[in-house]
Amino acid sequence: MTAAVAQVSDQAETLLDIRDLHVKFPLRSGLLMRTHATVHAVSGVSVNVKRGEVLGLVGESGCGKTTLGRAVVGLAPTSGGSIDFDGQELAGKDRDDVEGLAKKIQLIFQDPYSSLHPRKMVRDLVGEGLILNGIASGAEVDRLTLAMLQRVGLGVEHLYRFPHEFSGGQRQRIALARALVLHPDLIILDEPTSALDVSVQAQTLNLLKELKAELGLTYLFISHDLGVVRYMSDRIAVMYLGNIVETGPTRNVFDNPQHPYTRSLLAALPSIHPDQRKTRIVLEGDPPTPIDPPPGCPFAGRCPKVQPLCHEQKPVLAVAGPDSLHLTACHDPDL
Amino acid sequence: MTDSANKNNLLEVDDLAVRFYTLRGTVHALEDVSFKLGQGESVGLVGETGCGKSLTARAILRIVSPPGKIIRGNIRFEDKQLLELSESEIRQIRGNQISMIMQEPKMSLNPSMRVGKQVAETLMIHDKSLGKRGAYAQAVDMLNAVSIPDPKHMAKRYPHELSGGMAQRIMIAMMLVTRPKLLIADEPTSALDVTIQAQIIDLINNLIEDIGSSVLMISHDLGVVAETCDRVIVMYAGSVAESGRVRDVMENPQHPYTQGLLRTLPDAIDPGEPLYSIKGTVPNLMDEPLGCRFAPRCPQAMDRCSRQKPPVYDVGPGHQVACFLHEATSPVAGASTASMGVLS
């Protein structure tokens, strides 16, 4: 397994290459709607996804992981940096200007209860992408739609039903069919199972793995659930307050976390086995808001090993540990 | 089980049944739910969405709203039969002796009242002798006890000014300020991030130790229950499937549902292997409950499982399972007495 992962990371071509990406949202108020503060949702993120791999993006709510995913598909405004997708520059461009982008990148949303149009039938929900992108027409649309529905475990009896008639797990399958029918290169999965119960989550994760192997897909898998990310991803990137603080092959990051934040995140995970209980590094305080963040390390305010330098200078990602693919942004990770 | 053993239990739920009478039919939401909670004990109630874990808690506080109705059962709290009390008598218990922390702290707090006043209000309702000032001072002390930084100033904030973790601390302060004998925590950390969740779990553990409260912790997260509770009760489709000490249930589950549930967790498995998934879906609770609710999805189901409801078997000390697979090897629980409860 490890060998296979290394192969993907070393030789595969880079499908998505994000460099120094910034996403800022101005906060306006008053009569003239003057900008009085800025939310730095993503501040200087560099990360890449190789063809055929699963990159897990983890972090707590508000860390910017969803915004990063949305920026890639053009749903969040970028204010600096570049997004190179298969040789095409996406940053700063309108989503409609990039020809065929929808065919190549698809986004699956977290909440299957609100991401499907309630007044459209499954047949139209799944098939409309084919028509809009000029992939198929007429009877061909229905044939492709049905084939994809069957592939995700639904059938012909579901074609003429509305989203409200389905359970959460089934709706997520519809959303998946809707994305996959276009044969995209990259699928961004934004917390695809967090609205589901564990037994349904297991079915969905298995399906995602099967489909990836069968159709040669590439996933950017966004989640706050470390167990799910560990299971799904080849590599992971840990985000905190708009920055990536650690990235590397999944096994390395889980077995040998380098950044103090990753360590406390892993230690905070409750275990079902009383004997495996870890000494918890309970972090003080809440994550700071991304509104006009101070200079220096984003984690400095809660870090148990903070030094004066951390408040002044923002650390950059650098190789940590024996593996050259394992990077961390910390001034002194060994401390 | 002798009478004196029963006295040590703070709460005994026996044969509880709740139904919802809707226009489309009767929903059998809870059937034969029985369990006991000892003095100072913390018990976790786990299960998936719709299994009736929150409803059980609501039934204990008698806040099941129509069309739901408690149709059968006994709930004994100390020496009182909760289901037989008058509305004014149960009000004396709610919030005073039994408190409940809800899942969404921001939805449970009054958005238009400063948080310090909300905590003080709880105190004043339950202790009429306490003046406004005295109650407020105690409320600020309580905010300090739940590790809210700068409690004097935070007491003057409104709920919308607080983060999720802070709001949950306020809720905990509000519920524990009356020093209840039983704290019911309904998914207290599911709306929170993991690092904040760890803080809140530690906080609840420490506070209840100080106050000496018993806890009924409701969660879909088996990890959270394993870290906080002494015992765990696993519910499926309105019935108790298995109960026992956390270690026994997590490491040696005996009910096919518990076994399946633990195997579906992605945490422990090698990423190369497919996750186990329980076949099928949760039954429609509108159907008349015949036999074991898990039978249609159970990999080890026998003919009788769909016709006959399994009794509760003792499979170990304090470890009980409602499954026919244990018929040959284990005695029926509480065979000496009429009740089929959980030994503590």
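The values are calculated or read from the model by the stated rules, or taken from the named source; none is laboratory data. Quantities reported herein were computed from a predicted structural model and do not represent experimental measurements. All Cβ positions, even for glycine, are placed from backbone atoms using ideal geometry, and neighbour counts span all protein chains on display.
Things worth noting here:
- Qualifying positions in the range B:235-261 - of a type in the set (A, V, I, L, M) and either at the interface with another protein chain (Cβ under 7 Å from one of its Cβ atoms) or in contact with a Gly (Cβ under 6 Å, 6 or more places away or on another chain) (or both): B:M235, B:V246, B:M250, B:L261
- From B:L265, B:L203, B:L261, B:L207, residue being touching a residue at least 24 places away in the same chain (Cβ under 8 Å), over 14 Å from the mean Cα position of the chain (by Cα), surrounded by fewer than 24 Cβ atoms within 10 Å (Cβ to Cβ) and closer than 30 Å to B:V27 by Cα: B:L265
- Matching residues in the range B:177-234 - criterion: being within 13 Å of chain A (Cβ to nearest Cβ) and over 27 Å from A:R302 (Cβ atoms): B:H220, B:L222, B:C229, B:D230, B:R231, B:V232, B:V234
- Flag if B:L285 is in contact (Cβ under 8 Å) with a residue 24 or more places away in the chain and either in contact with a Pro (Cβ under 7 Å, 6 or more places away or on another chain) or not in a loop (DSSP other than H, G, I, E, B) (or both): no
- Note on the range B:90-111: residues that are farther than 21 Å from B:A191 by Cβ and either touching a strand residue (DSSP E or B) at 6+ places or on another chain (Cβ under 8 Å) or not in a helix (DSSP H, G or I) (or both) total 6.
- Matching residues, the range A:78-129, being of a type in the set (V, I, T), in a loop (DSSP other than H, G, I, E, B) and crowded, with 20+ Cβ neighbours inside 10 Å: A:T78
- Taking the criterion of being in a helix (DSSP H, G or I) and within 14 Å of chain B (Cβ to nearest Cβ), the residues of the range A:148-171 that qualify are A:E165, A:G168, A:G169, A:Q170, A:R171.
- Test for A:M148: is it in contact (Cβ under 8 Å) with a residue 24 or more places away in the chain and either among the β-branched types (V, I, T) or under 26 Å from B:K279 (Cα atoms) (or both): yes
- Odd one out for A:G242, checked against (1) closer than 30 Å to B:I148 by Cβ; (2) small (G, A, S); (3) facing another protein chain (nearest Cβ under 10 Å); (4) touching a strand residue (DSSP E or B) at 6+ places or on another chain (Cβ under 7 Å): (3)
- Scanning the range A:182-211 for residues that are small (G, A, S) and more than 7 Å from chain B (Cβ to nearest Cβ), we see that the one that is nearest to the chain's Cα centre (by Cα) is A:S194.
- You will find that of A:D332, A:D275, A:D286, the residue that is at pLDDT below 90, among the charged types (D, E, K, R) and outside any loop (DSSP other than H, G, I, E, B) is A:D275 and no other.
- In the range B:252-278, the residues that are at pLDDT 90 or above and either part of a loop (DSSP other than H, G, I, E, B) or acidic (D, E) (or both): B:N252, B:P253, B:Q254, B:H255
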